[in-house]
Every structure is written in structure tokens, then in C-alpha cells.
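The structure appears right after this line, and notes come after that.
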Amino acid sequence: MVFKRLLGSLGVGGPTVDTVLDPAPVRPGGTLSGQVRLKGGTADFDIEHITLELVARVEAEHAEGESEGAVAFEQFTVGGGFRLAEGEERSVPFSVTLPWETPITELYGQALGIVLGVRTELSVACAKDKGDLDQLDIAPLPAQEAILEALGQLGFGFRSADLEYGRIGGTGQQLPFYQELELTPAPQYAHQVNEIELTFLANPGGLEVVLEADKRGGLFTSGHDALTRFTVGHHEARDWNPEVDGWIRQLVEHRASYGAHAGHGHGDHHHDGHHSGPGMGTAVAAGAAGLAVGVGGGMVAAEVVDEVGDFFEGDEEDEG
């Protein structure tokens, strides 16, 4: 999705910017490439800097409830230091490395409801203006995909995904927010947990996988959250189904209480492959496509489309 805009800070006759991302799939820690296409205005302009900014729509919990907004989480200077002549067309290619913790937005081409964008900013003769905002799609790393596949084959379903502002204590988290995938429990665990929440924290050496269970209470006991964390390499060959099932069993049998979200977004907690047939990938894709997968699965597709459109259209209106 590309928006061409007149640079409002320069008034009528200023240059326009159009950023075009290469269509190749992009993964966390991978290379994002494309071109920033400039077209000169009615006079010559000195282009001091061309900056790309990665932004995400993030939810935050606070005393009054929940709110959401755009959070910038990385910035790259990809060009500048030249004069753009009147009416001149110039293309500035770029290639930048994404943060390892960049959230995934899709699985098998189906949107998960996570909204990321690339914002382009020009600095022209001491004036700055955000020129356009482009939707950024991120595919999972092989290990992430393998773990999701295993969960699907074990019977877990996709419920929703979001980005939560805050840090997970005891992890190597780098970004100011983390991604949370909410899963419906497999039938064999449905009597023990209401929901499983999964977070991937990738780094150059592998993944931290944080699993949290919203545990059901018994007749004389209240429910509480249990949490466990694992670490895997990026290309480890494992028999993922029994491995992941072992993680889940350890999680649901965990008796220690971590309090009411003692870290998820509040400073202290949370979430450590290979493809093996139709599993969570199929379940998530089906949920995102609008099929009934878990609670609310059928709602995902329409909500994703509306939310993505609102995010980018709202940005366009705000910036003129």
C-alpha cells in the first residue's frame, strides 16, 4: 500500500516521495529492500536526509484501561546530501536489516491482524516531513513456523494476535513491545487451561519462546496464570510435536503463580524448527481466512482488513 504525498511543510510545489518495497518475503532479522522515488517540485531543493522509520500499532494497558497507538521501533538513514532539481525524478535504492524481534504479520500469506508500516521522512533545507507510509508484511522464521505447526498438529487453534507495550522480565527483549499470539487449548488440555499465550523473542542465536497459560480454577481454588520459557536455535532439527507437547505439559503442571500479569506489559514476565504438515500453520491460515478456528476465528479476516485500512488511511489524513 503506497501513498504519494506533497510535502506539506514546503507548501505547494515541493517534491513528492513514493517508497516502493521489494515484493520478496521478509523475515525478522532479514533484509528489507526497495526504492525511495523522488520527484522534484517547482524549484530546486537540497535533500539533506532520507529516513525510513519502522512503526507498529501497539496496545498498552494502564489504570484507565487499554489504549493503542503507533510506536516507532527502528530508524534508518538511507540517503541524502544531494540537490533535487526542479521536476527531476530520482530513485534511491536501499537495503536495511530488520530487528530480530520484528513481529510476524502473516502465516502462509494469511494476515494475523498485526499492523506494521515503513514511514519515509525527508529532511529538506532544515524542514522535515513524513512523505509516505507503506504496509510492511513479515513472514515467520523457520523455527517460529515449525513451533506453530506443531501446536496446530497437537490441536491448538488460533484466537488472535496483538502487540503489547512493555517488557518481559528475565529475557533478552530489545524492543519496547512484544508480540502475543493467543491460542485456544487443544482438547486434551481444555479442562486445565482457558487459553495459551505464546511470544517469540528472536535474536541472532535463536529464539526465546515464552508460553503462558491462563489456568482454570477448581471447585475450591481460583484460576491463575502459569508461565514457562524455552530456548531453541534457528535451524535445529527436532521432532517438534513431542517437544512442544512437553513444553505444554510442563506449563499446565506448573504450580507457581506469577501474579496477575506480573510482567506481561508491566515490566516482568513472559515467553524459547521445522515444517511438518498441516498444523498450526493451517489453523492460523484458516482462522485468518475467516473459517471457524477457535473462539472468534471467523471474525479475524474482516477485522484485519478494516484495522489495516484504518491505520494507513488515518495516517494519510493526519499528515495531509
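Just so it is clear, none of the values below were taken in a lab; they were calculated from the coordinates. These numbers were taken from a predicted model, which means no experiment stands behind them. All Cβ positions, even for glycine, are placed from backbone atoms using ideal geometry, and neighbour counts span all protein chains on display.
Here is how the numbers come out for the structure above:
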{"item": "Kirkwood Rh and Cα Rg combined as Rg/Rh, the range 54-213", "result": "1.06"}
{"item": "Tensor-based shape of the range 5-139 (alpha-carbon gyration tensor, a/c under 1.5 rounded, otherwise prolate or oblate)", "result": "prolate"}
{"item": "Cα→Cβ-extended label distance, 7 Å offset, between residue 83 and residue 108, nm", "result": "5.7 nm"}
{"item": "The range 77-148: C-alpha gyration tensor shape, a/c 1.5 cut-off, then a/b vs b/c", "result": "prolate"}
{"item": "Calculated FRET efficiency for the pair residue 63/residue 24, C-beta based, R₀ 30 Å, to 0.05", "result": "0.10"}
